[in-house]
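In what follows, a structure is listed as structure tokens, so that the remarks can point back to it.
The values are calculated or read from the model by the stated rules, or taken from the named source; none is laboratory data. These numbers were taken from a predicted model, which means no experiment stands behind them. Here the Cβ positions follow ideal geometry from the backbone for every residue, glycine too, while neighbour counts run over all protein chains shown.
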Amino acid sequence: MATEMHTTPEGARLDRMFFALADVNRRGMLSLLSRGPASVSELAEPLQIALPSAVKHLAVLEQGGFVASQKSGRVRTYAVDPEAFHAMEVWLARHKTVLNTQFDRLDAYLAAQKGKTK
């Protein structure tokens, strides 16, 4: 599984997605956008960040595939892409299965060791 990082399009996409989620302001923007589309200023104000910083954060979210933008006149509006989290969900489910299998093996091993000590 380690080979998927950086070597495949899926790995590169996941890298961009996890990077986008690594910042508290970007996660805050996603939270705000979960309520509906918003402009840059509507996203920057509650997070108390400057407009240029908000634009940079939104660009990272867009590159990560989480948001899409639309310009109407002078106002750019952002919205969450409804399919944005699918790739992460698939990756997490795959890794959860592997980890659960490893924990089951550890449980069985510990139970066997406990039986040997009695």
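Among residues of segment 4-31 that are farther than 20 Å from VAL55 by Cα, none has a beta-carbon under 6 Å from a residue that is crowded, with 16+ Cβ neighbours inside 10 Å and at pLDDT 95 or above at least six positions away or on a different chain. Within segment 47-80, take every residue that is at negative phi, more than 12 Å from the chain's Cα centre (by Cα) and assigned to a loop (DSSP other than H, G, I, E, B) and give me the one that is surrounded by the most Cβ atoms within 10 Å (Cβ to Cβ). My answer is ILE49.
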